Protein chains: 2
Amino acid sequence: MEIIKVSARSRSTAVAGAIAGVIRDWRQADVQAIGASAVNQAIKAIAIARGYLQEDGIAIVCVPLFTEVDIEGAERTAVRFTIWTVDPSALPDSLLAVAIPSQNEMRAALFD
Amino acid sequence: MEIIKVSARSRSTAVAGAIAGVIRDWRQADVQAIGASAVNQAIKAIAIARGYLQEDGIAIVCVPLFTEVDIEGAERTAVRFTIWTVDPSALPDSLLAVAIPSQNEMRAALFD
(Lines give C-alpha, C1' and ligand atoms only; values in the text may rest on other atoms or scores of the structure.)
Protein backbone atom coordinates (compact mmCIF):
# COMPACT_ATOMS: atom_id res chain seq x y z
CA MET A 1 0.00 0.00 0.00
CA GLU A 2 1.45 3.32 -1.12
CA ILE A 3 1.80 6.23 1.32
CA ILE A 4 -0.23 9.25 0.16
CA LYS A 5 2.22 12.16 0.24
CA VAL A 6 0.76 15.61 0.86
CA SER A 7 2.55 18.88 0.19
CA ALA A 8 1.65 22.48 1.00
CA ARG A 9 0.39 22.79 -2.57
CA SER A 10 -1.77 19.65 -2.56
CA ARG A 11 -5.48 20.31 -3.12
CA SER A 12 -7.26 18.96 -0.08
CA THR A 13 -10.24 17.71 -2.10
CA ALA A 14 -7.93 15.74 -4.42
CA VAL A 15 -6.13 14.22 -1.43
CA ALA A 16 -9.52 13.47 0.17
CA GLY A 17 -10.54 11.55 -2.95
CA ALA A 18 -7.31 9.57 -2.85
CA ILE A 19 -7.78 8.73 0.84
CA ALA A 20 -11.40 7.67 0.29
CA GLY A 21 -10.34 5.45 -2.63
CA VAL A 22 -7.58 3.71 -0.68
CA ILE A 23 -9.86 3.24 2.34
CA ARG A 24 -12.56 1.67 0.16
CA ASP A 25 -9.99 -0.77 -1.30
CA TRP A 26 -7.82 -1.51 1.72
CA ARG A 27 -9.75 -0.30 4.82
CA GLN A 28 -6.55 1.55 5.77
CA ALA A 29 -4.59 4.48 4.34
CA ASP A 30 -1.33 6.16 5.31
CA VAL A 31 -0.77 9.86 4.67
CA GLN A 32 2.50 11.72 5.10
CA ALA A 33 3.10 15.47 5.40
CA ILE A 34 6.17 17.61 6.11
CA GLY A 35 5.73 21.14 7.45
CA ALA A 36 2.78 23.05 8.92
CA SER A 37 1.06 23.88 5.62
CA ALA A 38 1.24 20.28 4.39
CA VAL A 39 -0.02 18.98 7.75
CA ASN A 40 -2.94 21.42 7.52
CA GLN A 41 -3.79 20.24 4.00
CA ALA A 42 -3.61 16.63 5.16
CA ILE A 43 -6.00 17.26 8.05
CA LYS A 44 -8.45 19.09 5.81
CA ALA A 45 -8.27 16.15 3.40
CA ILE A 46 -8.96 13.64 6.17
CA ALA A 47 -11.94 15.69 7.39
CA ILE A 48 -13.35 15.87 3.85
CA ALA A 49 -12.69 12.15 3.22
CA ARG A 50 -14.57 11.40 6.45
CA GLY A 51 -17.61 13.09 4.92
CA TYR A 52 -17.26 11.24 1.60
CA LEU A 53 -16.99 7.85 3.33
CA GLN A 54 -19.77 8.56 5.78
CA GLU A 55 -22.16 8.74 2.85
CA ASP A 56 -21.31 5.07 2.27
CA GLY A 57 -21.73 4.20 5.95
CA ILE A 58 -17.95 3.94 6.47
CA ALA A 59 -16.50 5.52 9.63
CA ILE A 60 -12.79 6.34 9.85
CA VAL A 61 -10.42 7.25 12.66
CA CYS A 62 -6.81 8.35 12.50
CA VAL A 63 -3.63 8.43 14.56
CA PRO A 64 -0.82 10.95 13.90
CA LEU A 65 2.78 10.09 14.65
CA PHE A 66 6.22 11.44 13.89
CA THR A 67 8.52 9.65 11.51
CA GLU A 68 11.92 10.37 9.99
CA VAL A 69 12.10 10.49 6.22
CA ASP A 70 14.94 10.98 3.78
CA ILE A 71 14.37 13.89 1.40
CA GLU A 72 17.14 14.10 -1.17
CA GLY A 73 19.71 12.87 1.34
CA ALA A 74 18.54 15.08 4.23
CA GLU A 75 16.67 13.69 7.24
CA ARG A 76 13.36 15.43 7.88
CA THR A 77 10.69 14.85 10.51
CA ALA A 78 7.35 14.10 8.88
CA VAL A 79 3.92 13.58 10.37
CA ARG A 80 2.35 10.31 9.29
CA PHE A 81 -1.36 9.72 9.67
CA THR A 82 -2.62 6.18 9.77
CA ILE A 83 -6.33 6.11 8.91
CA TRP A 84 -8.55 3.06 9.17
CA THR A 85 -12.17 2.03 9.32
CA VAL A 86 -14.10 1.33 12.50
CA ASP A 87 -17.65 0.27 13.23
CA PRO A 88 -19.70 3.50 13.25
CA SER A 89 -21.16 2.41 16.60
CA ALA A 90 -17.65 2.77 18.07
CA LEU A 91 -17.72 6.55 17.55
CA PRO A 92 -18.34 8.86 20.53
CA ASP A 93 -21.86 10.26 20.79
CA SER A 94 -20.57 13.76 20.02
CA LEU A 95 -19.47 12.58 16.58
CA LEU A 96 -22.77 10.88 15.84
CA ALA A 97 -24.41 14.27 16.31
CA VAL A 98 -22.47 15.54 13.29
CA ALA A 99 -22.94 12.36 11.28
CA ILE A 100 -24.18 14.12 8.15
CA PRO A 101 -21.46 15.91 6.13
CA SER A 102 -22.10 19.54 6.91
CA GLN A 103 -22.21 22.56 4.68
CA ASN A 104 -19.03 23.63 6.45
CA GLU A 105 -17.20 20.65 5.06
CA MET A 106 -18.43 21.52 1.59
CA ARG A 107 -17.49 25.17 2.03
CA ALA A 108 -14.03 24.31 3.33
CA ALA A 109 -13.60 22.04 0.31
CA LEU A 110 -14.44 24.90 -2.03
CA PHE A 111 -11.89 27.17 -0.38
CA ASP A 112 -9.35 24.36 -0.49
CA MET B 1 -15.85 18.93 29.30
CA GLU B 2 -13.92 22.00 28.14
CA ILE B 3 -12.61 22.21 24.59
CA ILE B 4 -8.82 22.53 24.52
CA LYS B 5 -8.12 25.55 22.30
CA VAL B 6 -4.81 25.57 20.45
CA SER B 7 -3.25 28.64 18.85
CA ALA B 8 -0.21 29.05 16.59
CA ARG B 9 1.74 30.07 19.70
CA SER B 10 0.67 27.12 21.87
CA ARG B 11 3.52 24.90 23.00
CA SER B 12 2.79 21.44 21.67
CA THR B 13 4.19 19.70 24.77
CA ALA B 14 1.94 21.79 27.04
CA VAL B 15 -1.09 20.99 24.90
CA ALA B 16 -0.06 17.32 24.88
CA GLY B 17 -0.02 17.34 28.68
CA ALA B 18 -3.49 18.90 28.73
CA ILE B 19 -4.83 16.31 26.28
CA ALA B 20 -3.32 13.43 28.24
CA GLY B 21 -4.83 14.78 31.48
CA VAL B 22 -8.32 15.15 30.04
CA ILE B 23 -8.12 11.69 28.41
CA ARG B 24 -7.09 10.10 31.71
CA ASP B 25 -10.07 11.75 33.46
CA TRP B 26 -12.76 11.52 30.78
CA ARG B 27 -11.55 9.02 28.15
CA GLN B 28 -12.32 11.71 25.57
CA ALA B 29 -10.91 15.14 24.72
CA ASP B 30 -11.86 17.80 22.19
CA VAL B 31 -9.24 20.09 20.67
CA GLN B 32 -9.94 23.11 18.49
CA ALA B 33 -7.55 24.99 16.17
CA ILE B 34 -7.98 27.82 13.67
CA GLY B 35 -5.41 28.28 10.91
CA ALA B 36 -2.61 26.13 9.53
CA SER B 37 -0.07 26.85 12.27
CA ALA B 38 -2.54 26.12 15.05
CA VAL B 39 -3.67 22.90 13.32
CA ASN B 40 -0.02 21.85 13.06
CA GLN B 41 0.57 22.52 16.77
CA ALA B 42 -2.58 20.55 17.60
CA ILE B 43 -1.44 17.55 15.56
CA LYS B 44 2.01 17.60 17.13
CA ALA B 45 0.35 17.73 20.54
CA ILE B 46 -1.89 14.75 19.74
CA ALA B 47 1.12 12.76 18.50
CA ILE B 48 3.06 13.57 21.69
CA ALA B 49 0.02 12.83 23.91
CA ARG B 50 -0.27 9.47 22.16
CA GLY B 51 3.26 8.68 23.39
CA TYR B 52 2.53 9.83 26.94
CA LEU B 53 -0.64 7.76 27.18
CA GLN B 54 0.90 4.71 25.56
CA GLU B 55 3.27 4.46 28.50
CA ASP B 56 0.15 3.86 30.63
CA GLY B 57 -1.25 1.32 28.16
CA ILE B 58 -3.85 3.79 26.86
CA ALA B 59 -4.39 3.94 23.08
CA ILE B 60 -6.06 6.95 21.48
CA VAL B 61 -7.57 7.68 18.08
CA CYS B 62 -8.86 10.94 16.68
CA VAL B 63 -11.27 12.32 14.11
CA PRO B 64 -10.89 15.81 12.60
CA LEU B 65 -13.91 17.78 11.44
CA PHE B 66 -14.75 21.31 10.44
CA THR B 67 -16.85 23.49 12.68
CA GLU B 68 -17.93 27.12 12.63
CA VAL B 69 -16.94 29.22 15.61
CA ASP B 70 -17.64 32.81 16.58
CA ILE B 71 -14.46 34.81 17.21
CA GLU B 72 -15.29 38.30 18.46
CA GLY B 73 -18.42 38.41 16.33
CA ALA B 74 -16.84 37.00 13.17
CA GLU B 75 -17.55 33.46 11.93
CA ARG B 76 -14.42 31.39 11.41
CA THR B 77 -13.95 27.81 10.26
CA ALA B 78 -12.08 25.82 12.88
CA VAL B 79 -10.81 22.26 12.86
CA ARG B 80 -12.04 20.27 15.83
CA PHE B 81 -10.35 17.05 16.82
CA THR B 82 -12.29 14.57 18.89
CA ILE B 83 -9.87 12.19 20.61
CA TRP B 84 -10.90 9.12 22.57
CA THR B 85 -9.53 5.90 23.95
CA VAL B 86 -9.76 2.53 22.22
CA ASP B 87 -8.63 -0.95 23.13
CA PRO B 88 -4.97 -1.16 22.02
CA SER B 89 -5.82 -4.42 20.22
CA ALA B 90 -8.05 -2.38 17.88
CA LEU B 91 -5.01 -0.59 16.41
CA PRO B 92 -3.72 -1.61 12.96
CA ASP B 93 -0.62 -3.80 12.98
CA SER B 94 1.45 -0.98 11.47
CA LEU B 95 0.83 1.10 14.61
CA LEU B 96 1.72 -1.72 16.97
CA ALA B 97 5.13 -1.76 15.31
CA VAL B 98 5.72 1.77 16.61
CA ALA B 99 4.15 1.10 19.99
CA ILE B 100 7.06 2.48 21.97
CA PRO B 101 7.34 6.31 21.96
CA SER B 102 10.23 6.92 19.62
CA GLN B 103 13.20 9.23 19.92
CA ASN B 104 11.58 11.20 17.10
CA GLU B 105 8.63 12.03 19.30
CA MET B 106 10.99 13.20 22.01
CA ARG B 107 13.01 15.24 19.53
CA ALA B 108 9.94 16.84 18.01
CA ALA B 109 8.80 17.69 21.52
CA LEU B 110 12.09 19.46 22.20
CA PHE B 111 11.80 21.48 19.03
CA ASP B 112 8.19 22.27 19.85
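The values are calculated or read from the model by the stated rules, or taken from the named source; none is laboratory data. These figures come from a predicted structure and were not determined experimentally. Cβ: placed from backbone, ideal geometry, glycine included. Neighbour counts: every protein chain shown. Only protein heavy atoms, including side chains, enter the accessible area calculation; ligands, DNA and RNA are left aside. Shrake-Rupley method; radii C 1.70, N 1.55, O 1.52, S 1.80 Å.
Taking a ≥ b ≥ c as the square roots of the eigenvalues of the Cα gyration tensor, the protein assembly as shown is rounded, since a/c falls below 1.5.
Under the criterion of Cα pairs below 8 Å and six or more residues apart, the relative contact order for chain B equals 29 percent. The residue of chain A whose Cβ sits closest to the rotation axis that maps A onto B, together with that distance in whole Å, is A:Val61, 2.
Label-point spacing at A:Glu55 relative to the other copies reads 4.5 nm, in ascending order, each point sitting 7 Å out from Cα along Cα→Cβ.
A 1.4 Å probe run over the protein assembly as shown, with the rest of the protein chains in place, finds 48 Å² accessible per residue.
Computed over neighbours whose Cβ is under 10 Å from that of A:Pro64, the net charge equals +3, Lys and Arg +1, Asp and Glu -1. Just the protein heavy atoms count here, and of the accessible area of the protein assembly as shown at 1.4 Å, carbon and sulfur take up 52 percent. The convex hull of the Cα atoms of chain A, projected and averaged over all directions, covers 7.2 nm². Taking the helices alone, chain B has a mean residue ellipticity at 222 nm of -12500 deg cm²/dmol, built from -39,500 (n - 2.57) per DSSP H run of at least 4 residues and averaged over all its residues. Using a 1.4 angstrom probe on protein heavy atoms only, the contact between A and B buries about 2900 square angstrom of accessible area, both sides summed.
Peptide B:1-11 has a mean shielding of 0, counted as Cβ atoms of other protein chains within 10 Å of each residue's Cβ. Note on A:Lys44: lysines with a C-alpha under 17 Å away, same-chain residues under 8 apart excluded, are A:Lys5, B:Lys44. Between the helical axis of B:12-26 and the longest alpha-carbon principal axis of chain B there is an angle of about 80 degrees. With 20 Å² as the minimum drop in accessible area between chain alone and full protein complex (1.4 Å probe), the qualifying residues in segment B:26-42 are B:Gln28, B:Ala36, B:Val39, B:Asn40.
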